[in-house]
Amino acid sequence: MGKVVMNASVSVDGFIAAENDDPGALFEWLVSGDVPLDDSGVLNVSQASYDHIRPYWDQIGVTIAGRHVFDLTDGWDGIPPSGVDHVVVVTHRPPPDGWDPNAPFHFVDDIEAAVTKAKELAGDRTVEVAAGDVGGQLLAAGLINEVRMDVAPVVLGFGKRYFGSVDSQHLLEDPDVVVQGNRVLHLRYRVRRPVEVSISRRGRDIDDV
């Protein structure tokens with residue numbers, strides 16, 4: 001099975017957008033180079049960013065997103081973004097009126113079902129999870145394998161957090177990829193899995209997780 005990866009552009013103070021969903025200058029790096037990232041004619045990045053991002057994009061088979069992102073993008077007009085094959089939308093609401101039932105979008109009502117469906121659809125390809133509330137819930141549930149951040153040199157000061165509403169500690173491994181591009185620092189972290197260690201102290205067992 002493929003990996004489940006949380007990914008987004010993020011400010012240096014940990015936000016993926018302002019409260020009104022305005023990303024500000026977070027995506028400046030996507031138009032700050034001279035190497036086309038795709039066929040849109042819009043995205044042009046540095047060679048370093050291209051070498052990091054393009055192979056990753058080519059690995060993605062399925063994207064998991066929340067209903068807010070789906071609504072914000074108007075469901076990508078029924079066409080999955082960035083050339084991925086399927087989108088799994090986590091929502092308690094039905095698809096919009098008039099939604100094409102044959103579009104490669106799948107609506108599920110909880111995060112575990114979302115990951116199960118996405119892995120089934122992706123096979124050995126990568127499942128990408130949008131950062132924010134849904135991504136944070138998946139991290140807290142131990143369902144994320146890898147965290148990728150495209151860190152822009154921007155301080156938003158407030159807004160929507162990369163890890164959503166996560167309010168407890170989760171350990172990552174040391175970054176195994178650090179790439180500097182134009183107006184961005186690309187980072188990749190593996191998620192450290194909890195290991196239960198039993199320590200005997202004064203006749204009592206203490207579980208350090």
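Residues that are among the aliphatic types (A, V, I, L, M), under 22 Å from T116 (Cα atoms) and within 19 Å of the chain's Cα centre (by Cα) do occur in the range 75-82, at least one of them. Take the conditions (1) of a type outside the set (F, W, Y); (2) assigned to a loop (DSSP other than H, G, I, E, B); (3) modelled with pLDDT of 95 or more; I16 misses just one of them, which is (2).
All told, V115 meets the bar of being assigned to a helix (DSSP H, G or I), touching a helix residue (DSSP H, G or I) at 6+ places or on another chain (Cβ under 8 Å) and of a type in the set (A, V, I, L, M). Consider the range 179-191 and keep the residues that are within 17 Å of the chain's Cα centre (by Cα) and farther than 13 Å from S9 by Cα. The one that is surrounded by the fewest Cβ atoms within 10 Å (Cβ to Cβ) is R190. The residues of the range 128-160 that are buried (at least 22 other Cβ atoms within 10 Å of the Cβ), of a type in the set (V, I, T) and in a loop (DSSP other than H, G, I, E, B) amount to a single one, I144. Within the range 50-96, being more than 21 Å from H186 (Cβ to Cβ), loosely packed, with under 14 Cβ neighbours inside 10 Å and not charged (D, E, K, R) holds for L72, T73, G78, I79, H92, P94, P96. Residue check: is F27 out of contact with any Asp or Glu (no Cβ under 7 Å at 6 or more places or on another chain) and open to solvent by 30 Å² or more (accessible area, probe 1.4 Å)? Judged against the criteria, F27 is a match. Residues that are farther than 23 Å from K3 by Cα and free of Cβ contacts under 8 Å to residues at least 40 places away in the same chain within the range 55-88 comprise D71, T73, D74, G75, W76, D77, G78, listed in sequence order.
Can you find a residue in the range 93-110 that is touching a residue at least 12 places away in the same chain (Cβ under 8 Å), part of a strand (DSSP E or B) and in contact with a Lys or Arg (Cβ under 7 Å, 6 or more places away or on another chain)?
Checked the range 93-110: at least one residue is touching a residue at least 12 places away in the same chain (Cβ under 8 Å), part of a strand (DSSP E or B) and in contact with a Lys or Arg (Cβ under 7 Å, 6 or more places away or on another chain).
The values are calculated or read from the model by the stated rules, or taken from the named source; none is laboratory data. Not measured: the values here are computed from a predicted model. Glycine gets a Cβ as well: all are built from the backbone with ideal geometry, and neighbour counts include every protein chain shown. Ligands, DNA and RNA are stripped out before the accessible areas are found, and what is left, the full protein with its side chains, is counted by its heavy atoms. Shrake-Rupley method; radii C 1.70, N 1.55, O 1.52, S 1.80 Å.
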